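The values are calculated or read from the model by the stated rules, or taken from the named source; none is laboratory data. Computed from a prediction, not measured in an experiment: that's the story for all the values here. Cβ sites come from the backbone with ideal geometry, for glycine too, and all protein chains shown count toward neighbours. What goes into the accessible areas is simple: the full protein's heavy atoms, side chains included, and nothing from ligands, DNA or RNA. Shrake-Rupley method; radii C 1.70, N 1.55, O 1.52, S 1.80 Å.
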Amino acid sequence: MKKLLCSLVLLFTIFTGLIAKEGLVSFTAGITSGIPFYGSDSMPELAEKVDTDYRVIIGTFANINLNVIKQISFFTGADLLADFNWQGKQHKNHLHIDFPLGFKIYPGLGGLNIGLAYTLGFRSDFLKAASNNKSNSIASWGNGFKILLEYNFAHEGKSKYLPTIGGSWNLMPRGNNSYDNIITFYLAENF
């Protein structure tokens with residue numbers, strides 16, 4: 001029985017490796033930016049007292065892709081989006097960390113794909129007001145989802161190292177019936 005199972009797994013691996021252009025397993029890593037819309041009930045009270053003039057939103061992500069067939073790819077990974085806001089010595093910084101698990105479907109239009117992922121994550125808040133009041137907190141872990149639309153140039157390209165451009169919307173519950181909506185745009189490299 002073990003020999004039969006090993007033979008089937010080996011045949012499946014060879015078969016899917018031949019069908020998928022990127023190979024059976026590939027990696028994607030990139031940089032991202034976007035706009036988070038915070039749920040008001042999940043933010044610490046001190047956040048309302050911090051006035052800021054400057055803002056930088058930057059992030060990164062890394063995914064492991066399982067390219068079973070040319071039209072479907074499964075992925076998992078980790079995302080980090082940092083939202084830095086400051087004015088003088090005041091700041092309110094937020095780190096969004098989530099772990100997606102999902103799939104992408106290629107409808108036959110080159111590398112264009114749409115995806116859906118279950119996401120598990122949290123947000124860390126680092127606040128400091130002009131009155132020197134400080135607050136560091138972590139919002140409740142949430143189970144959300146992510147919808148993405150991207151174009152993967154490596155999917156139909158001659159090299160597996162071509163980039164991917166895309167955007168996503170992530171809805172993340174943060175406790176107290178509050179949700180963060182995170183819209184991101186990204187540029188990624190495929191390996």
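A 1.4 Å probe over all protein chains sorts LEU101, LEU171, LEU80 by accessible area into LEU101, LEU80, LEU171, starting with the largest. Quick one, which of (i) 11.6; (ii) 13.1; (iii) 14.0 is the actual mean projected area of the Cα convex hull in nm² calculated for this model? Checked against the structure: label (ii). By the rule of a C-alpha distance below 15 Å, with chain neighbours fewer than 8 residues away ignored, the aspartates and glutamates paired with LYS70 are GLU22, GLU156.
Here the gap between LYS49 and VAL68, fully extended at 0.36 nm per residue and compared with their Cα-Cα distance, gives a gain of 1.8 nm. The apolar share of the surface of the chain, taken as the fraction of accessible area on carbon and sulfur atoms (1.4 Å probe, ligands and nucleic acids excluded), comes to 67 percent. Here the chain is assigned +1 on the Cβ of each Lys and Arg and -1 on the Cβ of each Asp and Glu. Its dipole about the Cα centre then comes out at about 600 debye.
Measuring with a 1.4 angstrom probe and ignoring ligands and nucleic acids, TYR151 comes out at about 80 Å² accessible.
Between the residues PRO107, ASN132, VAL68, the greatest Cα displacement towards the positive end of the dipole of the chain, with unit charges on the Cβ of Lys, Arg, Asp and Glu, is found for VAL68. The residues of the stretch 101-191 expose, per residue, 52 Å² of accessible area to a 1.4 Å probe.
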